[in-house]
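Worksheet: one structure, shown below.
The values are calculated or read from the model by the stated rules, or taken from the named source; none is laboratory data. Source: prediction; values computed, not measured. So basically every Cβ, Gly included, is an ideal-geometry build from the backbone, and we count neighbours across all protein chains shown. The area values use the complete protein model at the heavy-atom level, side chains included, leaving out ligands, DNA and RNA. Shrake-Rupley method; radii C 1.70, N 1.55, O 1.52, S 1.80 Å.
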Amino acid sequence: MYALIGVDGEVKEKEVRAFEFRPVGSGVQRFLPIIEKAKECGVEWLIVEQDEPTPNMSRLECAKESIENLKKIIFKSK
C-alpha cells in the first residue's frame with residue numbers, strides 16, 4: 001500500500017489498482033487541501049509534473065487536462 005498525500009484514511013484493497021500516473025485532479029490525491037496549505041505557508045509557486053503520460057493519452061493531453069483541472073480547483077478555492 002502506498003502513502004498518498006492529501007488522501008484521508010485508507011484505500012480499501014479492492015480499490016487498489018496498478019500504479020499509473022494521472023493528470024492533476026484525475027487521480028486519488030486531493031489537490032485543494034495541498035494548494036490551501038501551500039497558500040498558508042506563503043508559497044508563491046507550485047510546480048506540477050507528471051513523470052509519465054497516462055495510458056492512452058499523449059504528454060500534451062495530460063498537460064492540458066492538468067491545466068484545466070488546476071483552474072477548476074483554484075477557482076473553487078476562492
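Accessible surface for LYS39 stands near 110 Å², nearest 10, in the context of the full protein assembly shown (1.4 Å probe). Ranked by solvent-accessible area (1.4 Å probe, protein heavy atoms only, all chains present), the residues LYS37, LYS76 order from largest to smallest as LYS76, LYS37.
The heavy atoms of LEU32 offer some 50 square angstrom of accessible surface to a 1.4 angstrom probe. The simple spin-label model puts a point 7 Å past each Cα toward its Cβ; for GLU68 and GLU20 those points are separated by 1.7 nm.
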